[in-house]
Amino acid sequence: MSQVFISYRHSDTHSPRVADLVKALRAAGVNVVIDSDQLPAGPNEGWPKWSQQQVEKADKVLIACTQGWRECYEADGPLEIGHGCAAEAHIVRQMLYKQGFNNARFRVVLLAPEDSNSIPLGLQAYHRFHWHKPEEQAHLLTWLSMGLSHPAIPWPTLHAPFDRRIANR
């Protein structure tokens, strides 16, 4: 099954918004991976490796931008906080660089109107989704389903054996 990873910076106001986004996406059938699923003990491999692996193996990555996430991406925030976000932002930047900035995997999602000014310069060229606007939610779900594998629809089977003698009469 395809995976969508959500990268975000924890905060008292932003984390509940991210939790609401995850709940809505899962209700729509999206396979979402998020760090809070690893709590309370955290991943066995440690947060830096886990964060890197999630960004690398996800089919799509949603970046829930805030000023804090922007600081992590641009590496100009306080060093003592946001380590997981910083690890994810670093991998995003490196993967974009390696792909010649051809970006089919990463998109910004804005959970509140005030987050519009928080998009890092390196991500401003790409489309963003305003989840706080109901009309944009369907667009995000459409993008998440583009290019993802869907299970094949099986051919119908007959419930009763077919009797050819009756068909030729």
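Assorted remarks:
- Any chance Ser11 is hydroxyl-bearing (Ser, Thr, Tyr) and at pLDDT below 85: yes
- Which listed residue is among the hydrophobic types (A, V, I, L, M, F, W, C), more than 25 Å from Met146 (Cβ to Cβ) and open to solvent by less than 80 Å² (accessible area, probe 1.4 Å), from Ala87, Ala104, Ala58, Ala75: Ala87
- Enumeration of residues in segment 17-55 that are open to solvent by less than 80 Å² (accessible area, probe 1.4 Å) and small (Gly, Ala, Ser): Ala19, Ala24, Ala28, Gly29, Ser36, Gly42, Gly46, Ser51
- Among residues of segment 90-111 that are in a helix (DSSP H, G or I), those with a Cβ under 8 angstrom from a residue that is open to solvent by 70 Å² or more (accessible area, probe 1.4 Å) and not hydroxyl-bearing (Ser, Thr, Tyr), sequence gap 6+ or separate chain, pair up as His90/Ala75; Ile91/Gln52; Ile91/Glu56; Met95/Glu56.
- Test: residue in segment 68-86 that is outside any helix (DSSP H, G or I) and modelled with pLDDT of 90 or more: no
- Segment 112-147, subset in a loop (DSSP other than H, G, I, E, B), in contact with a Lys or Arg (Cβ under 8 Å, 6 or more places away or on another chain) and more than 13 Å from Thr66 (Cβ to Cβ), residue least open to solvent (accessible area, probe 1.4 Å): Tyr126
- Inter-residue pairs, beta-carbon under 9 Å, first closer than 16 Å to Ile63 by Cβ and in segment 18-33, second open to solvent by 60 Å² or more (accessible area, probe 1.4 Å) and assigned to a loop (DSSP other than H, G, I, E, B), 6+ apart: Val18/His10
- For segment 147-165, the condition holds for no residue, the condition being that it is at pLDDT 85 or above and either out of contact with any strand residue (DSSP E or B) (no Cβ under 6 Å at 6 or more places or on another chain) or more than 18 Å from Ser15 (Cα to Cα) (or both).
- Residue within segment 3-16 that is of a type in the set (D, E, K, R), part of a loop (DSSP other than H, G, I, E, B), out of contact with any Asp or Glu (no Cβ under 7 Å at 6 or more places or on another chain) and open to solvent by less than 50 Å² (accessible area, probe 1.4 Å) present: yes
- Here segment 103-118 is the region considered, the condition is being within 22 Å of Glu56 (Cβ to Cβ) and of a type outside the set (S, T, N, Q), and the residue that is modelled with the lowest pLDDT is Ala104.
The values are calculated or read from the model by the stated rules, or taken from the named source; none is laboratory data. Here the structure is a predicted model, which is why all the values come from computation and not from measurement. Heads up, the Cβs are rebuilt from the backbone with ideal geometry, glycines too, and the neighbour counts pull from every protein chain shown. Just so you know, the surface numbers come from the protein's heavy atoms only, side chains and all, with ligands and any DNA or RNA stripped out. Shrake-Rupley method; radii C 1.70, N 1.55, O 1.52, S 1.80 Å.
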